[in-house]
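Following: one structure in C-alpha cells, then a few remarks.
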Amino acid sequence: MALSLVGCDSTGSGGAGDGDDSDPPTGSSPVDGFTSQAAPIVVDGKGDDWAELSERYDDTGDGNIGIERLWMAHTEQHLFLRLRIGQPIDLLEDNNLTLYLDTDNDPTTGEAALGLGAELQWTFGQRTGQLGNGQTISHEDIGITPLPTVRAETFELALDRSVKPGGEALFSGDSLRIGLSSEGDRLPDEDGGLGYRFSTTEVSADAPSIDRPAASDIRLFTYNVQQDSIFDAGKQPNHRRILSATDPDVVGLQEVASSAAETEQVAEGDLDIPDAWSWAKVGGDLVLGSRYPIQATHTIPGSEGTPSGAFLLDTQEALGKELIVVLMHPPCCNSEGGPDELSRDEMRQLVVDGVAAFLRDVNQGEGPFGVQAETPIVVTGDMNFVGDPQQPRTLRTGQIQNTDEFGAPAAPDWDGSPLLDTNPRQTAAPFHITWITSESSFPPGRLDYTYVTDSVLEVVHEFVLATRRLSDTELETYGLQRDDTVIASDHLPLVVDLTLR
C-alpha cells in the first residue's frame with residue numbers, strides 16, 4: 001500500500017549554521033544562515049557516506065509523522081540531499097512531497113513559497129516540476145537522481161549543478177536556499193528556508209575502472225538489452241563495442257525474445273563473441289552465453305509466464321568448481337491488479353519466492369543439479385524492484401512470503417547467511433543507477449542487481465558501465481563512443497569480477 005505524506009505544522013530545531021549569516025536581499029532570512037559541506041557522496045540507496053556529515057535540520061521529536069531530517073552536501077558537479085520521512089513512502093508515487101530551491105538566494109525572484117523565491121519546484125510523487133517562470137520540466141531537465149526505488153523512510157538524491165533548463169543555468173550562484181513541504185508539514189517550520197553555500201573545495205569519490213583486475217577468475221556481465229536490440233543492425237555496433245570493452249566470460253541477457261541458437265548466431269556474427277561459447281535459454285527472454293560449457297538448465301517457477309532460469313556451468317578451469325548462475329526478470333512497474341488479477345508487486349514476490357526456494361533446495365542437497373556443497377552461486381538480472389521492499393529482502397535473505405506455494409524460508413548462502421548484494425557503481429558518475437530513459441516520467445533508478453554466495457565467492461571488482469560521462473581519454477582507450485550505452489538499451493550493463501574464496 002502506498003502512503004502519502006501527512007502531518008501537522010510543528011516547531012523544529014534548526015541545525016547550527018557554520019557559514020555566512022548575512023541576510024538575503026529582502027524577505028525572510030534563511031534559517032540559521034548558511035552552511036557548506038563538500039563531500040564525495042555516492043547515491044547508492046544506503047547512505048553510509050553521510051554518517052560523518054553534519055545534519056542540516058532536525059524536526060523530529062514532536063510526535064508528528066512528516067518530513068523529519070535533512071542533510072546537504074555538494075561536489076563541483078552535484079548538490080546532494082538526504083531526507084528522512086516519518087513513515088515509509090514510495091518517493092516516486094502517491095505523495096505530494098515537494099522540493100523548493102531558491103537557487104539565486106533571492107526571495108524576490110521565482111515562485112513564492114515557504115518564504116522563498118523558488119527557481120525550482122519539484123513534486124516527487126508526481127515526477128514533475130516547474131521553474132520559477134512557470135515552465136514545466138522533467139527529471140532530465142534538472143538531472144535528478146534519487147534512491148532507493150522501493151518504499152523507505154530515508155532517501156538520497158543528487159541534482160546536476162550544470163543543468164540549463166530553458167537555456168539558463170538553474171544554479172546561477174554560489175548560495176541557495178531550500179525548503180520542503182508535504183500535506184500538512186514542512187521543513188523548516190520557519191519561513192526563509194535553509195541556506196546553503198557551495199564552496200570551491202574540490203572533492204569526488206573514486207570511480208571504478210573498466211579494467212579487469214589480475215585477481216579476477218570470472219567476469220560476469222548482465223544486461224537487459226531492451227526488446228532484442230542486439231538483433232537491431234543499427235545498435236549492433238554499440239553492443240559490439242560494449243562487449244569488447246568489458247570482455248566478459250559469462251553474459252546474462254534479458255528481453256531476448258529470439259532463441260538461444262539465434263542469439264548465438266548474432267553474437268558470433270555481429271557482436272564478435274567467439275564461436276566456442278555455449279548458449280542456452282530459459283523462459284521467454286532469459287539467455288545465457290558462456291565461454292565455459294553450460295552443462296544443464298532448469299526452469300524456476302514464479303508468477304505465471306515469468307519463470308527464472310538456472311544454468312550450471314563447468315567452470316573447473318577458472319574456479320576449480322562448477323558455477324550456478326540464476327537469471328531473473330520479474331515483471332516491471334506498479335499496478336494494483338484486481339479481483340482476479342495479481343498486482344505487479346504480488347507477481348514479483350512470487351518470482352523472488354521461487355528463486356529463494358530454489359536456493360534453499362540447492363543448499364539442502366535437493367536441487368535439480370545435484371551439485372556439491374559450497375558450489376558458487378550468482379543470482380542476477382533486471383529485478384524491477386520498485387514499490388515493496390520485501391522483494392529485494394526476500395532475495396537476499398530467503399524470507400519466502402508465499403510459503404504455501406514455495407515452502408519454508410531459509411537463508412540462501414551455504415553458511416546460513418544472506419546473499420551479498422554487490423551493488424556496483426557507475427564508471428564515471430556517483431550513482432548506483434542501472435536504468436535511464438528520457439522517455440519515462442520516472443527518473444533514473446536501480447533496477448538491475450547481482451547477488452553472490454559470498455561465503456564461497458569473493459567480489460574483487462564491480463561496475464556499471466555508463467559511457468555518457470566517460471572522459472575522451474577513457475572512450476579512446478576502451479574503444480567506446482560516448483552514446484554507446486545510451487543507444488544500446490534503456491538499461492546499463494553490470495559487470496562483476498569473481499574469484500573463489
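The values are calculated or read from the model by the stated rules, or taken from the named source; none is laboratory data. Fair warning: this is a prediction, and the values are worked out from it, not measured in the lab. Methodologically, a virtual Cβ is constructed for each residue, glycine included, from the backbone with ideal geometry; neighbour enumeration extends over all protein chains shown. The protein model used for the area step is the full one, side chains on, heavy atoms only, and it has no ligands, DNA or RNA in it. Shrake-Rupley method; radii C 1.70, N 1.55, O 1.52, S 1.80 Å.
Per residue, the range 424-501 exposes 35 Å² of solvent-accessible protein surface, assessed with a 1.4 angstrom probe and all protein chains in place.
The alpha carbon gyration tensor of the range 221-264 gives principal lengths a ≥ b ≥ c with a/c of 1.5 or higher and a/b no greater than b/c, which makes the shape oblate. With q set to 0.10 Å⁻¹, the log10 of I(q)/I(0) for the range 275-398, from the Debye formula over equal scatterers at the Cα positions, is -0.33.
Among 209-222, 387-400, 486-499, sorting by the average number of other beta carbon atoms lying within 10 angstrom of each residue, highest first, gives 486-499, 387-400, 209-222. Other residues with beta-carbon under 12 Å from the beta-carbon of residue 228 carry, at +1 per Lys or Arg and -1 per Asp or Glu, a net charge of -3. A viscosity of 0.890 mPa s and a temperature of 25 °C, combined with the Kirkwood radius over Cα pairs in Stokes-Einstein, give a translational diffusion coefficient for the range 49-187 of 161 µm²/s. Solvent-accessible area per residue in the range 67-189 equals 32 Å², computed with a 1.4 angstrom probe and all protein chains kept. Once you reduce the range 149-180 and the range 194-215 to the center of their Cα atoms, the two points are 18 Å from each other. Relative to the globular-protein estimate of 2.2 N^0.38 Å, the Cα radius of gyration of the range 213-287 stands at 1.06. For the chain, with all protein chains in place and a probe radius of 1.4 Å, 43% of the accessible heavy-atom surface sits on carbon or sulfur. With Cα atoms as the point set, the chain shows a radius of gyration and Dmax of 24.0, 74 Å.
Taking only the C-alpha atoms of the range 149-306, the Rg (one decimal) and the largest Cα-Cα distance, Dmax (whole number), read 23.8, 68 Å.
The convex hull drawn around the Cα atoms of the range 121-179, when projected onto a plane and averaged over every direction, covers 4.6 nm². Across the range 383-498, counting alpha-carbon atoms alone, Rg and Dmax equal 17.0, 56 Å. Rounded, prolate or oblate: which fits the range 329-434 when a ≥ b ≥ c are the square roots of the eigenvalues of the alpha-carbon gyration tensor, with rounded for a/c under 1.5 and prolate only if a/b beats b/c? Judged from the Cα gyration tensor, the range 329-434 comes out oblate (a/c at least 1.5, b/c at or above a/b).
Evaluated at q = 0.20, 0.21 Å⁻¹, a Debye calculation over the C-alpha positions of the range 393-450 (equal weights, vacuum) places log10 I(q)/I(0) at -0.82, -0.84.
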